[in-house]
Each structure stands twice: as C-alpha cells, then as structure tokens.
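Student: Below is a structure I'd like to ask you about.
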Amino acid sequence: MTAQQKTRCKFIVRLSEEERERLNMLIQTGKHRTRQLLKARVLLKADASDAGAGWNDSQIAVALDTSIDTVSRTRRTLVEEGLDAALTRRHSPASARKRIFDGAAEARLIALACSPPPKGRARWTLQLLESAVVELNIVDRASDNTISRTLKKHA
C-alpha cells in the first residue's frame, strides 16, 4: 500500500442502518440532483460496516466513473460533518462575483436607455450607454456586454 493510498483510507465510513436506508431511498426515488446521487452511491460503496461493501477509493472511482478526489472528499465530509453535509453542496460566498448593477443601478440604466439618445444619434448604442453610466456615476465601470445582459433581462 503506497503512502497516497494510506492517506485516502484515513476517513473510514461506517453507516448506520438508518443512514444506509436513507441513501438507498434517495437513489431509488431518482428525483434528486445528479451530484447528490453520486455522493450517495460513493458512501454506500465506501461503507466499512458489516452491511457495507467497504470498497477503497480507487475501486469506487472506477465503478462510478468519477475522480478519486471526489470520493475522498465525500468520505472526509461524512466523517467530519455528517451525512447531510456530505450530500449537500456548499456554496462559497467568495466564489460568486459581485454584481456590477444592483437594483437601483439597473433601474437607472433602464431609464437612461429609454430616454432620448444624445444629440446627433438616432438611438442609444451599447458603447454610448457604457460611457454614459460611468459619466453619470451610476457605476464605476461596466462593459457593453454587461449592459447588454442587464438590458436583456428586462426586455
């Protein structure tokens, strides 16, 4: 057994009868997210109790067509945080970008787009709106693509 395999077996999964039943019901109903079903299958295969399969990470990864890291993370989460945490996806607040246009800025952008265009222009272009929202201090910066997506939401 290599050093890497030893570290992968650090978190031993031992499911109770209730947990095993819950995971089996989750898989059988089939009305759950794919990632949640995968994690349930991983936990059932990794279960080292008497009723479980007790597979190692590489066997599970091959059988379920996933990565060894996914299997080891699922094991670790179950052992450290419990079954609910292992089945649910955590959203990191740092992963999402901050919105450039909040509700008030969106309203001002829409009002600007609906207003008469500048002199000498037949209509507002995305580039004109881009420079206008910065000049009017609606936002600090915005691309024409951002403006397009924002206006498209309200078309």
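The values are calculated or read from the model by the stated rules, or taken from the named source; none is laboratory data. Only a predicted model underlies this, so the values are computations on that prediction, with no experimental measurement involved. Heads up, the Cβs are rebuilt from the backbone with ideal geometry, glycines too, and the neighbour counts pull from every protein chain shown.
Student: Output the residues belonging to segment 52-74 that are touching a residue at least 12 places away in the same chain (Cβ under 8 Å) and within 19 Å of the chain's Cα centre (by Cα).
Tutor: THR66, THR70, VAL71, SER72, THR74, listed by residue number.
Student: Among the residues of segment 80-95, write down those that are in contact with a Lys or Arg (Cβ under 8 Å, 6 or more places away or on another chain) and not in a helix (DSSP H, G or I).
Tutor: Across segment 80-95, the qualifying residue is only ARG89.
Student: Looking at ARG90, ARG141 in this structure, which one is closer than 30 Å to ALA40 by Cβ, of a type in the set (Lys, Arg) and exposed (fewer than 10 other Cβ atoms within 10 Å of the Cβ)?
Tutor: Details: ARG141 fails: closer than 30 Å to ALA40 by Cβ.
Result: ARG90 is the single residue among ARG90, ARG141 that is closer than 30 Å to ALA40 by Cβ, of a type in the set (Lys, Arg) and exposed (fewer than 10 other Cβ atoms within 10 Å of the Cβ).
Student: When the residues of segment 113-155 are narrowed to those that are of a type in the set (Gly, Ala, Ser) and either under 34 Å from the mean Cα position of the chain (by Cα) or not in a loop (DSSP other than H, G, I, E, B) (or both), which ends up nearest to ARG99 (Cα to Cα)?
Tutor: Taking segment 113-155 first, the residues of a type in the set (Gly, Ala, Ser) are 113, 115, 120, 122, 131-132, 142-143, 148, 155.
So of that shortlist, the ones also either under 34 Å from the mean Cα position of the chain (by Cα) or not in a loop (DSSP other than H, G, I, E, B) (or both) come out as 113, 131-132, 142-143, 148, 155.
Values: ALA113: 19, SER131: 18, ALA132: 19, ALA142: 11, SER143: 13, SER148: 14, ALA155: 19 Å.
If we take residues in segment 113-155 being of a type in the set (Gly, Ala, Ser) and either under 34 Å from the mean Cα position of the chain (by Cα) or not in a loop (DSSP other than H, G, I, E, B) (or both), then ALA142 is nearest to ARG99 (Cα to Cα).
Student: Considering only segment 44-54, state which residues are in contact with a Lys or Arg (Cβ under 8 Å, 6 or more places away or on another chain) and either of a type in the set (A, V, I, L, M) or at pLDDT 85 or above (or both).
Tutor: Listed by number, the residues that qualify are LEU44, ALA46, ALA48, ALA51, ALA53.
Student: Oh, and also: Across segment 87-139, which residue is farthest from LYS39 (Cα to Cα) among those that are of a type in the set (Asp, Glu) and without any contact (Cβ under 8 Å) to a residue 12 or more places away in the chain?
Tutor: GLU135
Student: Condition check: in contact with a Pro (Cβ under 6 Å, 6 or more places away or on another chain) and either assigned to a loop (DSSP other than H, G, I, E, B) or in the same structural domain as GLU19 (by TED's automatic domain parsing) (or both). Does TRP55 satisfy that?
Tutor: Judged against the criteria, TRP55 is not a match.
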